[in-house]
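Asks: Here you go, one structure.
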Number of protein chains: 2
Amino acid sequence: MQIAIALYPGVAALDFVGPYTVLTQLPGADVVLCAAERGVLADDSGLLRVDVEHTFDDVPAPSLLLVPGGMVTRRMARDGGAIVEWIAAAHATTTYTTSVCTGALLLGAAGVLSGLEATTHWGAYDELARYGAHPVARRVVVAGKVWTAAGVSAGIDLGLALAAAIAGDDVAQAIQLGIEYDPQPPFDAGSVDKAPRHLVEMVSARMAAAERRVLAG
Amino acid sequence: MQIAIALYPGVAALDFVGPYTVLTQLPGADVVLCAAERGVLADDSGLLRVDVEHTFDDVPAPSLLLVPGGMVTRRMARDGGAIVEWIAAAHATTTYTTSVCTGALLLGAAGVLSGLEATTHWGAYDELARYGAHPVARRVVVAGKVWTAAGVSAGIDLGLALAAAIAGDDVAQAIQLGIEYDPQPPFDAGSVDKAPRHLVEMVSARMAAAERRVLAG
């Protein structure tokens with residue numbers, strides 16, 4: 001089973017490393033990290049430099065396609081380009097078309113989400129609706145073969161849900177045990193419903209400012 | 001505040017990307033990914049190739065030092081080498097010396113854990129005790145300035161706990177909200193106490209076999 005994980009400059013590292021860590025442990029999985037071009041690309045902090053060996057052209061028809069998010073996706077989705085074209089073409093033959101965080105905007109730009117329930121980072125629901133999706137505040141949203149996850153860390157939960165669907169509950173639970181995924185965050189502030197209101201406003205304002213800077217180029 | 005995250009061929013990607021994602025968002029943090037040599041190294045699956053720009057020599061005295069784990073650490077800890085020497089020297093002046101998963105074995109080999117409570121991946125408690133540590137089955141163990149986390153995914157919880165200690169609860173919670181860390185694993189199988197017994201045995205046997213292969217070279 002070929003699993004293609006799309007990368008691009010400015011990707012958020014945890015968005016793809018979470019599901020990558022789960023999916024690379026699936027029996028028989030052939031995971032391919034791919035991008036528009038071969039070579040080194042940097043993540044959103046500019047510090048993690050990933051040497052990518054495969055282009056989208058190398059994996060035109062993966063069984064599972066996964067698109068992680070990042071601050072740059074709002075702009076990439078509006079501009080179109082190689083990744084959006086690849087998603088649109090590959091989606092025709094996937095078994096699963098999936099995203100983490102604002103990777104959903106790129107699925108949207110590729111026409112994948114039209115009329116479907118989907119999720120993304122909590123700060124991007126409005127943008128997601130631009131692409132005809134019905135945004136839902138859930139950790140993982142399953143709409144036929146299109147599976148979308150909430151922000152950043154939700155990719156781990158998506159990965160385990162996919163593992164269970166593909167290989168069964170025992171395999172998924174064995175992977176969970178192997179990565180000791182028994183989360184115990186020191187605070188219960190991981191969603192807009194639970195975090196202190198002043199922090200929601202602060203983080204919203206910061207993200208909006210960061211996205212305006214990206215959109216302004 | 002300089003934060004040095006040590007990498008090596010065979011590192012488990014999520015072990016470092018979890019805390020990296022949190023710590024790069026700390027105000028004033030100067031995060032440096034470093035390794036024994038500059039250049040590209042591959043993670044434990046061989047698929048994620050990271051281009052490392054800094055050596056241990058570039059960061060001899062970080063404020064915070066973080067060592068992620070991987071299947072190769074048991075062997076690396078027994079063999080010693082550049083990473084163990086760097087940890088031993090840098091530990092003298094750190095504010096925090098930290099590890100995720102079996103990165104703790106490398107702290108142990110550097111003499112950091114002697115007589116201290118510490119944790120690691122659940123499959124490596126016995127090995128950890130070889131280095132004079134008192135293994136504890138907790139998500140994050142704080143022993144003075146030495147903070148150790150359980151397996152793989154526990155690095156996210158460690159990162160948030162460190163963020164709170166360094167920059168306060170508001171900053172840590174804002175980061176948690178930003179990465180939407182409201183974990184909802186589809187199963188409750190992330191620890192040996194909770195996972196089905198036959199899976200604990202299966203995963204233990206597989207990991208032991210993998211480590212024997214690594215130790216045999």
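Read the figures in this text as sums done on the coordinates, not as results from a lab. As the structure is a prediction and not an experimental result, all values here were calculated from the model. Heads up, the Cβs are rebuilt from the backbone with ideal geometry, glycines too, and the neighbour counts pull from every protein chain shown.
Asks: Relative contact order (percent) for chain B, with alpha-carbon contacts under 8 angstrom and 6 or more residues of separation?
Replies: 19 percent
Asks: Another question, then. Can you give me the C-alpha center-to-center distance between the range A:53-76 and the range B:166-198, rounded to a whole angstrom?
Replies: 27 Å
Asks: For A:D126, which inter-copy label distances result when the label point lies 7 Å beyond Cα on the Cα-to-Cβ vector, reported in nm to one decimal and in ascending order?
Replies: Distances to the matching label points in the other copies: 5.8 nm.
Asks: Run through the DSSP bridge list for chain B and note the antiparallel percent, rounded to the nearest 5.
Replies: 30 percent
Asks: Would you report the distance distribution of C-alpha pairs in the range B:31-105 as whole percents per 5 angstrom bin, up to the bin with the largest distance?
Replies: Spelled out per bin, shortest first, that is 3, 15, 24, 29, 22, 6, 1.
Asks: Same structure, new question: Shortest first and in nm to one decimal, what separations exist between B:S63 and its copies in the other chains, measuring from label points 7 Å along the Cα-to-beta-carbon line?
Replies: In ascending order, 4.8 nm.
Asks: With +1 assigned to the C-beta of every Lys and Arg and -1 to the C-beta of every Asp and Glu, and no other charges, what is the dipole magnitude of the range A:87-201 about the Cα centre in debye, to the nearest 20?
Replies: That gives the range A:87-201 a dipole magnitude of about 340 debye.
Asks: Taking amide H positions as placed in the peptide plane 1.01 Å from N, state which residues far from B:A35 in sequence (5 or more) or on other chains have amide H under 5 Å from it.
Replies: Here the answer is B:L7, B:H54, B:T55, B:F56, since their amide H atoms fall under 5 Å of that of B:A35.
Asks: Would you kindly work out, in nm and rounded to one decimal, the distances from the label point of A:D188 to those of the same position in each other copy, ordered shortest first, with label points 7 Å along Cα-to-Cβ?
Replies: 1.5
Asks: Under 37 °C and 0.692 mPa s, how fast does the protein assembly as shown diffuse according to Stokes-Einstein, given a Kirkwood radius computed over C-alpha pairs? Answer in µm²/s, whole number.
Replies: D = 153 µm²/s.
Asks: Summing -39500 (n - 2.57) over the DSSP H runs of n ≥ 4 in chain A and dividing by its residue number, what mean residue ellipticity at 222 nm do you reach, to the nearest 500 deg cm²/dmol?
Replies: When only DSSP H runs of four or more count, the value is -11500 deg cm²/dmol.
Asks: Averaged over its residues, how many other protein chain Cβ atoms are within 10 Å of peptide A:40-49's Cβ atoms?
Replies: Per residue, the number of nearby Cβ atoms from other chains is 5 on average.
Asks: Evaluated at 20 °C with a viscosity of 1.002 mPa s, what Stokes-Einstein diffusion coefficient in µm²/s does the range A:1-43 have when Rh comes from the Kirkwood expression over alpha-carbon pairs?
Replies: Once the numbers are plugged in, D ends up at 194 µm²/s.
Asks: In addition: Test of understanding: express the Cα radius of gyration of the range B:134-217 as a ratio to 2.2 N^0.38 Å, with N the residue count.
Replies: 1.38
Asks: Using θ = phi - 60° and the Karplus relation 6.51 cos²θ - 1.76 cosθ + 1.60, list the HN-Hα couplings for the range A:6-11 in order, rounded to whole Hz, with x at every Gly or Pro.
Replies: Listing the rounded values in order: 7, 10, 6, x, x, 4 Hz.
Asks: Could I ask something else about it? Magnitude of the Cβ-charge dipole of the protein assembly as shown, K/R +1 and D/E -1, about the Cα centre, nearest 20 debye?
Replies: Rounded to the nearest 20 debye, it is 200 debye.
Asks: Let me know the whole percent of all Cα-Cα pairs from the range B:95-141 that are separated by more than 12 Å.
Replies: 51 percent
Asks: Work out from phi, with θ = phi - 60° and the Karplus expression 6.51 cos²θ - 1.76 cosθ + 1.60, the ³J(HN,Hα) of each residue of the range B:169-183, listed in order in whole Hz, and give x for Gly and Pro.
Replies: Values per residue, Gly and Pro as x: 5, 4, 5, 4, 5, 5, 5, 4, 5, x, 8, 6, 8, 10, x Hz.
Asks: Would you report the distance distribution of C-alpha pairs in chain B as whole percents per 5 angstrom bin, up to the bin with the largest distance?
Replies: Once binned at 5 Å, the Cα pair distances of chain B give 1, 7, 15, 20, 22, 17, 11, 5, 1, 0.
Asks: Follow-up question, since we're still on this one. Return the percentage of antiparallel bridges among DSSP beta bridges fully within the protein assembly as shown, rounded to the nearest 5 %.
Replies: 30 percent
Asks: When DSSP assigns beta bridges and you keep just the ones with both residues in the range B:93-169, what percent turn out antiparallel, to the nearest 5?
Replies: Beta bridges within the range B:93-169, antiparallel portion: roughly 40 percent.
Asks: Among B:T73, A:T97, B:T55, what is the fewest-to-most ranking by other Cβ atoms within 10 Å?
Replies: B:T55, A:T97, B:T73
Asks: Classify the range B:8-132: rounded, prolate or oblate, from the alpha-carbon gyration tensor (a ≥ b ≥ c, eigenvalue square roots; a/c under 1.5 rounded; otherwise prolate if a/b is larger than b/c)?
Replies: rounded
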